[in-house]
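Written out below as structure tokens is the structure these notes cover.
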Amino acid sequence: MTITLALSKGRIFEETLPLLKAAGIEVTEDPEKSRKLILPTNREDVRVVLVRATDVPTYVQHGGADLGVAGRDVLLEHGGEQLYQPLDLQIAKCRMSVAVREDFDYAAAVRQGSRIRVATKYTQVARQHFADKGVHVDLIKLYGSMELAPLTGLADAIVDLVSTGSTLKANHLVEVEQIMPISSRLVVNQAALKLKRQPIRAIIDAFSTAISSR
Ligand code: ATP
Ligand code: MG
């Protein structure tokens, strides 16, 4: 029985490697050098598939992978129904925030009950956040470079991921609200958990031990 793990290239792949190692799994090919989308490991029964970060929940939900690692941001936008999320891996940490141009008075706009134009890739999280606050917003869906929206007049505010804040600063934007902390989670296909219970449990337990001993 082969176990397939879905990872995205970049920080999630890099930060999952030590956890895999703790579970006795070593990826034997470097995704930055190889063009392969399916990477072998030292274990004959374990392979890694490389997918776009936003595609991880889809692969796991429909059984294209048994397990995967995805950001809380991605899981919230996806909906995450039917996905078992046994572990917060405490990796790829950042936060989801509201940011505006330095010269935009966000507090005043909120106080006056103005409609605020918000550009974001995270429309579900943003809609919920502003609804909870009772703030009227027009959401503009973007797929990248949210920082550009307030600078070009496309939007008054953005909802985006922030880690150090240096990208915001470089673009004369300021963080005005933190919506939630973000980290990546292990997600597991429900049917796979039943059919391949023992090997999947072993991976979950090894990850769990590795996380709590950090
Ligand atoms: P791409 O950047 O290739 O368009 P992506 O943004 O979907 O793809 P990553 O940038 O690797 O992929 O982000 C993957 C996950 O890592 C995100 O879903 C989020 O949970 C987390 N993440 C994103 N940006 C940061 C950051 N600056 N610091 C820490 N974690 C982050
Ligand atoms: Mg990115």
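Observations
- Restricting the GluC sites (Glu not before Pro) of the range 1-100 to loop positions (DSSP other than H, G, I, E, B) with no more than 16 neighbouring Cβ atoms within 10 Å leaves Glu26, Glu29, Glu32, Glu44, Glu81.
- Subset of Lys21/Lys169; Lys33/Lys169; Lys9/Lys141; Lys9/Lys194; Lys9/Lys133 violating a 31 Å alpha-carbon distance limit: Lys21/Lys169; Lys33/Lys169; Lys9/Lys133
- Computed on the chain, with alpha-carbon pairs under 8 angstrom and 6+ residues apart, the relative contact order is 28 percent.
- The range 90-214, Rg to Rh (Cα coordinates; Rh as Kirkwood inverse mean 1/r): 1.13
- Between Arg111 and Leu37, the modelled labels are 5.3 nm apart [label points 7 Å from Cα along Cα→Cβ].
- Rg followed by Dmax, in Å, when the chain is reduced to its Cα trace: 19.5, 62
- DSSP finds beta bridges in the range 94-181, and of those with both partners inside it, around 60 percent are antiparallel.
- For Ile182, nonlocal amide neighbours, meaning residues 5 or more places apart or on other chains whose placed amide H falls under 5 Å from its own, are Cys94, Arg95, Met96.
- Available extension along the chain between Thr209 and Leu148 is 17.8 nm, counting 0.36 nm per residue and deducting the alpha carbon span.
- Screening the chain for DSSP H helices whose Cα atoms reach 27 Å or more along their own axis and whose mean Kyte hydropathy is at least -0.5 gives nothing.
- Antiparallel content of DSSP bridges confined to the chain, in %, to 5: 65 percent
- Glu177 long-range amide H proximity, modeled H, under 5 Å: Val98
Any read-out appearing in this document is the output of simple, stated calculations on the displayed coordinates, not a laboratory observation. Everything numeric in this text was worked out from a predicted model, so none of it was measured. Ideal geometry is used to build each Cβ from the backbone, glycine not excepted, and the neighbour counts take in all protein chains shown.
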